Amino acid sequence: AGAGLGLALACDLRAASEKATFHEAFIKVGLAPDSGTSFWLTRILGLAKAMEVVMLGEPIDATVALHLGLVNWVFPEGKFDGEVEKIAERLASGPTKAIALSKRALNRAIVVDLDSALEYETYLQEIAGKSKDHVEGVKAFFEKREPRFTGE
């Protein structure tokens with residue numbers, strides 16, 4: 001509830017237990033949202049849905065949060081830790097430089113026009129294209145095997 005929601009929304013990826021609820025509760029005590037909630041909710045939900053969530057202050061269960069895009073995954077409570085670890089391992093063993101560059105491109109894309117986004121993508125592709133992970137990815141593709149990325 002409250003600031004916790006704002007902090008969670010700032011994360012790149014979000015997972016929830018099936019029993020989780022999300023609650024923008026500031027309105028219940030006569031306060032406006034803080035902790036970045038207004039920034040993130042409008043970008044994730046759009047203005048109209050963000051208004052509803054903030055102004056009504058109703059709890060949102062995990063299934064609805066998934067449908068709205070507040071979370072990326074919902075896992076059974078007993079399997080939550082294991083499933084989140086699998087995601088973390090997948091990210092950590094992936095082409096981490098390309099992941100970081102992708103994050104930069106996506107974050108920038110929401111505040112610039114299409115031409116600027118395309119120009120920035122070209123710039124980032126030049127960087128990624130010089131990485132050892134790119135060489136490994138192409139090699140693995142042609143050898144029909146899984147790549148072994150190193151983050152270089």
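The values are calculated or read from the model by the stated rules, or taken from the named source; none is laboratory data. The structure presented is a predicted model; accordingly, all values stated were derived computationally and were not measured. Every residue, glycine as well, gets a Cβ built from its backbone with ideal geometry; the counts of neighbours run over all protein chains shown.
The table that follows gives values for the structure above.
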| read-out | value |
| --- | --- |
| ILE44 vs. criteria closer than 26 Å to ILE110 by Cβ, touching a residue at least 60 places away in the same chain (Cβ under 8 Å) and surrounded by fewer than 17 Cβ atoms within 10 Å (Cβ to Cβ) | no |
| Residue within segment 123-133 that is surrounded by 16 or more Cβ atoms within 10 Å (Cβ to Cβ) and charged (D, E, K, R) present | yes |
| Lone qualifier among ILE27, ILE60 - being surrounded by 18 or more Cβ atoms within 10 Å (Cβ to Cβ), farther than 28 Å from VAL112 by Cβ, outside the structural domain of SER102 (by TED's automatic domain parsing) and in contact with a helix residue (DSSP H, G or I) (Cβ under 9 Å, 6 or more places away or on another chain) | ILE60 |
| Single unsatisfied condition, ASP12 versus (1) acidic (Asp, Glu); (2) exposed (fewer than 14 other Cβ atoms within 10 Å of the Cβ); (3) over 17 Å from the mean Cα position of the chain (by Cα) | (3) |
| Residue tally, condition buried (at least 16 other Cβ atoms within 10 Å of the Cβ) and either part of a helix (DSSP H, G or I) or assigned by TED's automatic domain parsing to the domain that holds ASN107 (or both), over segment 70-82 | 1 |
| Answer residue from segment 102-122, given it is part of a helix (DSSP H, G or I) and charged (D, E, K, R) and is surrounded by the fewest Cβ atoms within 10 Å (Cβ to Cβ) among those | ASP115 |
| Residue list for segment 98-130, filter: closer than 20 Å to CYS11 by Cβ, charged (D, E, K, R) and without any contact (Cβ under 8 Å) to a residue 60 or more places away in the chain | ARG104, ARG108 |
| Condition broken by ALA48, with the remaining ones in (1) farther than 30 Å from LYS86 by Cβ; (2) at pLDDT below 95; (3) small (Gly, Ala, Ser) satisfied | (2) |
